[in-house]
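Novice: Below you will find the structure I want to go over with you.
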Amino acid sequence: MSDLSVYETVEKETKQYIIVKIGGEHYGIDISYIDNIVRLTKITRVPKSPSYYRGVINLRGEVVPVMSLRRRMGLEDDDFTDKSRIIILKLENAGLVGVIVDEVKEVLTLSEDDIEEPSSTLRSKNSFISGVGSNGDELISIFEISSIIGESDAS
């Protein structure tokens, strides 16, 4: 028996993603980055911060910067509803950062086979996406969290 047969029986790695809605599109955020999901609360603006930062919130005594994913991706401005949420991301280098989404839909488990890398054309235009997953007939763009939170301009 060859060593190859051992590798064939290994299960594909799966990851869980929080599926969020921004505009009319669905995006996935790796659940390992998520610290908390909170309702929209009062955001205090911070002068001279990048335009995609809405400001800061007080989360259980900790000041957390909050970013608009819509502004970061160059989309139309936020339209806050009762479904809008702030997803608190826990990052090794940046600590806690909040991102505003229109709606949190579900938790979805995807295997490596369910996610394809975006074409080089898509990747060069939008480095915020690390892959495209499929859930039935629906396509879900998987966020590259490190490039979203990075301080480079969103142009």
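Novice: Considering lysine pairs in segment 7-144 that are 8 or more places apart or on different chains, how many have Cα atoms under 22 Å apart?
Specialist: For segment 7-144, the number of qualifying lysine pairs is 11.
Novice: Now, a different point. What does the charge count near LEU96 come to, summing +1 for each Lys or Arg and -1 for each Asp or Glu among other residues with Cβ under 13 Å from its Cβ? Write down the numbers at each step before the final one.
Specialist: On the way: positive: ARG60, LYS90; negative: ASP35, GLU62, GLU92.
In short, -1.
Novice: What size of dipole, in debye to the nearest 20, comes out for segment 14-149 about its Cα centre when the only charges are +1 on Lys and Arg C-beta atoms and -1 on Asp and Glu C-beta atoms? The partial results should precede the final answer.
Specialist: Values: 17 positive and 21 negative charges, 185 e Å.
Dipole of segment 14-149, to the nearest 20 debye: 880 debye.
Novice: Over all pairs of distinct alpha carbons, what does the Kirkwood formula give as the hydrodynamic radius of segment 40-100, in Å? Numbers along the way, then the final one.
Specialist: On the way: mean 1/r = 0.0834 Å⁻¹.
Kirkwood hydrodynamic radius for segment 40-100: 12.0 Å.
Novice: Let me ask you something else. Using only C-alpha atoms and all pairs of different ones, pull out the Kirkwood radius for segment 14-149 in Å with one decimal.
Specialist: On the way: mean 1/r = 0.0651 Å⁻¹.
When all Cα pairs of segment 14-149 are included, the Kirkwood radius is 15.4 Å.
No value in this document is a laboratory result; all are computed from the given coordinates. All values reported here derive from a predicted model rather than from experimental measurement. Please note: Cβ atoms are built from the backbone with ideal geometry, for glycine as well, and neighbour counts cover all protein chains shown.
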